[in-house]
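Reading through the structure tokens given below for one structure.
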Amino acid sequence: MYREKFDQLFNAVLEAGRKRDYVRAIGLLEEILCNTDEYPLAILYLARSYHSLKEYGRAIQYFRY
């Protein structure tokens, strides 16, 4: 059940990205990353979302991580 919840959240992240709703994607990604480390792509998507919002400093931090 734990894994299923985060799979659903990650799918919601992908959908938000497709819709270019980067603020929503960031919120979902932060929730995932605060609770599990089973989604390494979440860090990349978080960096890309910040980059899309032109928050380059934050994007660079996550790209480096």
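Here Thr36 clears all of (1) open to solvent by less than 60 Å² (accessible area, probe 1.4 Å); (2) at pLDDT 95 or above except the condition numbered (2).
Among the candidates Arg24, Arg48, Arg20, which residue alone is open to solvent by 100 Å² or more (accessible area, probe 1.4 Å), at pLDDT 95 or above and touching a helix residue (DSSP H, G or I) at 6+ places or on another chain (Cβ under 7 Å)? So that I can check it myself, show each step before the final result.
Details: Arg48 fails: touching a helix residue (DSSP H, G or I) at 6+ places or on another chain (Cβ under 7 Å); Arg20 fails: touching a helix residue (DSSP H, G or I) at 6+ places or on another chain (Cβ under 7 Å).
Only one candidate qualifies: Arg24.
Residues that are outside any helix (DSSP H, G or I) and within 20 Å of Arg3 (Cα to Cα) within segment 14-64 comprise Thr36, Asp37, Glu38, Tyr39, Pro40, listed in sequence order. For segment 1-52, filtering for residues that are free of Cβ contacts under 8 Å to residues at least 24 places away in the same chain, in contact with a Leu (Cβ under 9 Å, 6 or more places away or on another chain) and either polar (S, T, N, Q) or under 21 Å from Phe63 (Cβ atoms) (or both) leaves 8. The combined condition, being open to solvent by 70 Å² or more (accessible area, probe 1.4 Å), in a loop (DSSP other than H, G, I, E, B) and out of contact with any strand residue (DSSP E or B) (no Cβ under 8 Å at 6 or more places or on another chain), is not fulfilled by Lys5.
The values are calculated or read from the model by the stated rules, or taken from the named source; none is laboratory data. It should be emphasised that the depicted structure is a prediction, and the values quoted were computed from it without experimental measurement. In this analysis, Cβ positions are derived from the backbone assuming ideal geometry, glycine residues included, and neighbour counts consider all displayed protein chains. Quick note on the areas: whole protein, heavy atoms, side chains included, nothing else; ligands and nucleic acids left out. Shrake-Rupley method; radii C 1.70, N 1.55, O 1.52, S 1.80 Å.
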